[in-house]
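Trainee: I'd like to ask you about the structure that follows.
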Amino acid sequence: MTQSVVVQVGQCGNQVGCRFWDLALREHAAVNKKGIYDEALSSFFRNVDTRSGNNGPDIYKGKICSLKARALLIDMEEGVVNEILQGPLKDVFDSKQLITDVSGSGNNWAVGHKIYGCQYRENIVEKLRKTAEHCDCLQCFFIIHSMGGGTGSGLGTFVLNLLEEEFPEVYRFVTSVYPSGEDDVITSPYNSVLAMKELNEHADCVLPIENESLLEIVNKIHQMINSGKLGSTVKQNSLVTSSAGSAKTLQEKPFDAMNNIVANLLLNLTSSARFEGSLNMDLNEISMNLVPFPRLHYLVSSLTPLYTLADVNVPSRRLDQMFSDAFSRDHQLIQADPKHSLYLACALLVRGNVQVSDLRRNIERLTDCPHAVLIYPFTKSQSASSPFYRNRLKPSLHFVSWNQEGWKTGLCSVPPVGHSHSLLALANNTCVKPTFIELKDRFMKLYKKKAHLHHYLQIDGMEQSCFSEAVSSLSDLIEEYNELDATKCGPRIDPSRLKIAI
Amino acid sequence: MSIVTVQLGQCGNQIGQEVFSALCSDIRGTHGLCSKKENGSYQDCCKERFFCEEESAVPVARAVLVDMEPKVISQTLSMAARSGHWKYSSQSHFCQKQGSGNNWANGYSVHGPRHKEAIMNLVQKEAEKCDRLGGFFTIMSMAGGTGSGLGAFVTQCLRDAFPTSFILNHVVWPYGTGEVIVQNYNSVLTLSHLYHSSDALLVHENDVIHKICAQLMNIKQISFRDVNQVIAHQLGSVFQPTHTAGGGSGYSRNPLGELMESLVPHPEFRMLGLRNIPQMPESSLPYSTFSWPGLIKHLRQMLIANAQMEEGIDWQVRPPSSIPSTNKPLHFNTSIANLVILRGKDVHGVDLGSFQDPSLYTSWLNPQDAFNAWKTPRAFNKYEKSAALVSNSQFLLKPLDSIVGKAWNMFASKAYLHQYAKFGIQEEDFLDCFTTLEQVISSYTNL
């Protein structure tokens, strides 16, 4: 079993990270009834004997003593980290895992990357090494940060660079929260584009997230609960937005609900690596299957279900609905339209009591494969795929010509808390292009007027070329997506095969 | 004579466990329908072939379990032990912490050399436990990283270390609509490498077994466990003891050797397909009766028309007429060699003449040599009568062609190649593999 380390940087990164640890504990508590420290727990937690103080040795087997998160919390302001340390999670972190400062980065990527980067480099490397030493077999670093600010964006990408240098064999999965158009940080386009260059070059996989999508999901759930449209009551702990313990109202801490969604994304992503299943999907497989070309590593994620109704009977129609939902815009974590763009690859990670036949049936349905009629004849239980029904299904998903059956599937037997099953879809799709184009446009609007540029250029190590290189890197990325999109409409000409002389 | 099984990767280990389970439950069953003496002989032969009687009361499977991550092996070991009727040796597994990431190059070029010694030591130990080693049976899938890549490497090592032993690779082909995105690359790399070191490849396709589960076994929500159990039943129907022509009066002492001799006359043609009849839910068995003529008729038509199961057979397909014409009938499945295995009541009187019809075969071998039959009056797995067909024919031509086509399509766009290059498999290596397989396809097409 392998371990993963979470590096949470900046205000957003730490808030999401905090929600992640909370939910991870809740998930393991639901599964691990005997209180024994097992391999699943060890992927994210150490078991420390705290009787002799916090510096106690790690215990690898036996009863759970004190769980410590495999994490590094970095922030150049103290507010968020302090709040975490005073809250219910204080025992999960140890002071040696924190790096904080007081003045913040002033929403300036250059301050985060160049100044704090330089200043804290050794400290960060040392702490990373320590965390890695506690791991038997470290497989992956998860970085959580936002792109629009200064610390998460600047220092976060500095850490990304560092990870590649110091731990080149370990995967780097980055969860990045992208700013919206109406972001109140004026310089967020600069920060984001400067950070994008680093993500292009140093990340193995990036999961972009947009606050707008998270907010829409939160509102949708709120509406569903309050409208009384649902016959039965919703299981409280099944909300993808809910926190451990008692249900909080959505008004109290609005960001918490949004952050829980991202935390659930990470939990589901790693579920098949932690728990058993009939078709495992490890993190290295995600990177292998979803990244056909090194720079095209941006994955659109969608999670279902968002909540579960209290009635426990789940007919297979409900299961099929889950697959359809995963491909609807309501469940995506970024504002993009994959259905009308080109899929390069798609992964489906299913949790719970779902079997391979459910998976096959739904993949046939989604790709509207003509073979579906032959394999599943008219029988009562499979009417969903009968020819009559097929005409009413939505148009199929468009896959790139060289990857027409581009599905990577995983089946994990352990469902998330409060659900009987769930699905995480990760798509490498050209629909991220508009997001990047918009980002570039907002950047150019500022850059043309050289607005606020001096705040950056006055930092040691920053030059005009940093900006031009960053936007050029982004343009190249957009161009790669363009080239692939161009293949979508043309006639499909399969390359001719090798001919063998008889 | 004993067979050592090497289970590779998640698929290999999951199937392996079901195979030993099926074999064990078959010999323990009371539905043998034959004399006590026959039954006793059958049980002893099976036990010698697949299990080792150590001091423990429970037979120990002659198997080596290999995987690059621990979850599956630990599940496999515990499931076996839980049955109470057999188990794996606690010393016969090898695993690592981090899997192969569905990367054939990782399995073959990194894990292979790194762990060669440890794995071959385990194999050597198992081989030494056998009084007479009959050969190796490896179980793997070709879609992932460990079974496929490490599996290809281990097969080569087996060939090097045991040059005179038979090696039969059981290879599982993934669902056509995708389980792993790079499955076609991994498949091409695996098949071409196995072709060079294995004696024969016995293939099961997930799509076909899935159909059997849906239509014949009436399983509503099909799990991988269901699929694996059907595969285990089919493998058991081939490998459980039988009386062969060369075996004298007792049970065959060299099943793998005789399999190769019957079915692989030419090294260019090593792909074996497997069909089994009848297949039905266990609950229906008491209400069904079978007749040998009926079973043989269906099995023969399944061969000729390349049907995947006993339902939906195309009865219009006929062998080419005896007057040689340039147009071979469409959809007709030409065979190089066939082996039919019959188990159960009244086997000795069964007429297999229809399988000896020369029009079924290519012209190279005498029809008497191209067709072989193994029999035993001892019924298998509660089926009063059952027949298996192992065929070296054009069964796998279309699926193989499809896999190579899709892989080539992806290769032309250079997608994912950087993932393989990272571990030392370059474009030239891919080209070599494509060439090998196009050659195989061409050979089978021109039968």
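Trainee: Excluding ligands, DNA and RNA, what is the solvent-accessible area per residue of the stretch B:2-272 at a probe of 1.4 Å, expressed in Å²?
Mentor: Ligands and nucleic acids excluded, the figure is 32 Å² per residue.
Trainee: In addition: Taking the simple approach of a point 7 Å from Cα along Cα-to-Cβ for both residue B:369 and residue A:320, what is their distance in nm?
Mentor: 5.5
Trainee: Let me ask something else about it. With a Förster radius of 35 Å, plug the Cβ-Cβ distance of residue A:330 and residue B:225 into 1/(1 + (r/R0)^6) and report the FRET value to the nearest 0.05. Intermediate results must be reported in sequence, preceding the final value.
Mentor: On the way: r = 34 Å, r/R0 = 0.97.
That pair, residue A:330 with residue B:225, gives E of 0.55.
Trainee: If you don't mind, there's one more thing I want to ask. For the protein assembly as shown, what does the convex hull of the Cα positions come to per residue, in cubic angstrom?
Mentor: Cα convex hull per residue, to the nearest whole number: 177 Å³.
Trainee: Give the cross-link partners of residue B:125 among the aspartates and glutamates, using a straight C-alpha distance below 13 Å as the criterion and excluding same-chain residues fewer than 8 apart.
Mentor: Result set, ordered by chain and number: B:117.
Trainee: In percent, how large is the relative contact order of the stretch B:277-396, given Cα pairs closer than 8 Å and 6 or more residues apart? Walk me through the intermediate numbers first.
Mentor: Numbers: 186 pairs, mean separation 37.9, N = 120.
Relative CO of the stretch B:277-396 lands at 32 percent.
Trainee: Using label points projected 7 Å from each Cα along Cα→Cβ, tell me how many nm separate residue B:160 and residue B:83, to one decimal.
Mentor: In this crude label model, residue B:160 to residue B:83 measures out at 3.4 nm.
Trainee: For n ≥ 4 DSSP H runs only, could you compute -39500 (n - 2.57) per run for the protein assembly as shown, divide by its residues and tell me the 222 nm figure to the nearest 500?
Mentor: Numbers: 30 runs with 384 residues, N = 949.
So the calculated ellipticity at 222 nm is -13000 deg cm²/dmol.
Trainee: Hey, another quick one. Could you give the C-alpha radius of gyration of the stretch B:180-265 expressed as a fraction of 2.2 N^0.38 Å, taking N as the number of residues it contains?
Mentor: With N residues counted in the stretch B:180-265, Rg over 2.2 N^0.38 Å equals 1.40.
Trainee: Please give the net charge around residue B:345, taking every other residue with its beta carbon less than 13 angstrom from that of residue B:345, where Lys and Arg add +1 and Asp and Glu add -1.
Mentor: Within the 13 Å Cβ shell, the charges total +2.
Trainee: Calculate the length of the line joining the C-alpha centroid of the stretch A:431-473 to that of the stretch B:105-121, in whole Å.
Mentor: Each part's Cα centre sits 48 Å from the other's.
Trainee: Which residue, B:273, B:101, B:236, tops the fluctuation ranking in a GNM of chain B built on C-alpha contacts under 10 Å?
Mentor: B:101
Trainee: Something else about it: In whole angstrom, how long is each semi-axis of the equivalent ellipsoid of the stretch B:398-446, when you take the square root of 5 times every eigenvalue of its Cα gyration tensor and sort them from largest down? Let's see the in-between values first.
Mentor: Values: eigenvalues 102, 28, 10 Å².
Semi-axis lengths for the stretch B:398-446 are 23, 12, 7 Å.
Trainee: Also, quick follow-up: Whole number please: convex hull volume per residue of the Cα set in chain B, in Å³?
Mentor: Output value, Cα hull per residue: 142 Å³.
Trainee: What does the buried accessible surface come to for A and B, summed over both chains, with the probe at 1.4 Å? Round to 100 Å².
Mentor: Details: alone 22540 and 18580 Å², together 36400 Å².
Separately minus together, A and B give about 4700 Å² buried.
Trainee: Taking all pairs of different Cα atoms in chain A, averaging 1/r and flipping that mean, what Kirkwood radius in angstroms comes out?
Mentor: Result for chain A, one decimal place: 23.8 Å.
Trainee: Mind checking which lysines have their Cα closer than 28 Å to the Cα of residue A:448? Skip sequence neighbours fewer than 8 apart in that chain.
Mentor: A:114, A:197, A:433, A:440
Trainee: Quick check for you: with a 1.4 Å probe and neighbouring chains kept, what is the accessible area per residue of the stretch B:277-396, in Å²?
Mentor: Result: 45 Å² of accessible area for each residue.
Trainee: Averaged per residue, what accessible surface does the stretch A:435-488 expose to a 1.4 Å probe, in Å²?
Mentor: Ligands and nucleic acids excluded, the result is 56 Å² per residue.
Trainee: Can you give the extra length, in nm with one decimal, that the chain gains between residue A:445 and residue A:165 once fully stretched, where that is 0.36 nm per residue apart less the Cα-Cα distance?
Mentor: Gain on extension, residue A:445 to residue A:165, equals 97.4 nm.
Trainee: Springs between alpha-carbon pairs under 10 angstrom, Gaussian network model over chain B: which of B:201, B:285, B:303 fluctuates most?
Mentor: Top of the fluctuation ranking is B:285.
Trainee: Go through the stretch A:57-132 and name the GluC sites (Glu not before Pro) that are in a DSSP coil and have 11 or fewer other Cβ atoms within 10 Å of their Cβ.
Mentor: The qualifying sites: there are none.
Trainee: Let me have the relative contact order for chain B, percent, based on Cα pairs under 8 Å that are six or more residues apart.
Mentor: So the answer I get is 18 percent.
Trainee: How about the stretch A:399-495: which trypsin sites (Lys or Arg not before Pro) there lie in a loop by DSSP and see at most 11 other Cβ atoms within 10 Å?
Mentor: Here the trypsin sites (Lys or Arg not before Pro) that fit, given the DSSP loop and packing criteria, are A:449, A:450, A:492.
Trainee: Exactly which chymotrypsin sites (Phe, Trp or Tyr not before Pro) in the stretch A:7-86 are in a DSSP loop and have at most 16 other Cβ atoms within 10 Å?
Mentor: Sites meeting the loop and neighbour criteria: A:60.
Trainee: Would you work out what percent of the accessible area of chain A, with all protein chains in place, is carbon or sulfur (probe 1.4 Å)?
Mentor: Details: 10520 of 20200 Å².
Carbon with sulfur: 52 percent of the solvent-accessible area.
Trainee: For the residue pair residue A:121 and residue A:499, what label-to-label distance in nm results when each label sits 7 Å from Cα along the Cα-to-beta-carbon direction?
Mentor: Simple spin-label model gives 5.9 nm for this pair.
Trainee: Below 14 angstrom from the Cβ of residue B:419, what's the summed charge of the other residues (Lys, Arg +1; Asp, Glu -1)?
Mentor: 0
Trainee: Largest first and in whole Å, what are the equivalent-ellipsoid semi-axes of the stretch B:1-59 based on the Cα gyration tensor, each being the root of 5 times an eigenvalue?
Mentor: Each semi-axis is √(5λ); the values are 23, 14, 10 Å.
Trainee: Still on this model: Can you tell me which aspartates and glutamates have their Cα less than 19 Å from the Cα of residue B:116? Leave out same-chain residues fewer than eight positions away.
Mentor: Candidates past the 8-residue exclusion: B:67, B:69, B:126, B:128, B:160.
Trainee: Can I ask one more? Express the carbon and sulfur contribution to the solvent-accessible surface of the stretch B:277-396 as a percent, rounded to the nearest whole number, probe 1.4 angstrom.
Mentor: The nonpolar share, carbon plus sulfur, comes to 50 percent.
Trainee: Expressed in whole Å with the largest first, what are the equivalent ellipsoid semi-axes of the stretch B:277-396 derived from the C-alpha gyration tensor as the square root of 5 times each eigenvalue?
Mentor: 27, 16, 11
The values are calculated or read from the model by the stated rules, or taken from the named source; none is laboratory data. Predicted model, so just to flag it, every value in this text is computed and none were measured. Neighbour counts are summed over all protein chains in view; Cβ atoms, including those assigned to glycine, are modelled from backbone coordinates with ideal geometry. What goes into the accessible areas is simple: the full protein's heavy atoms, side chains included, and nothing from ligands, DNA or RNA. Shrake-Rupley method; radii C 1.70, N 1.55, O 1.52, S 1.80 Å.
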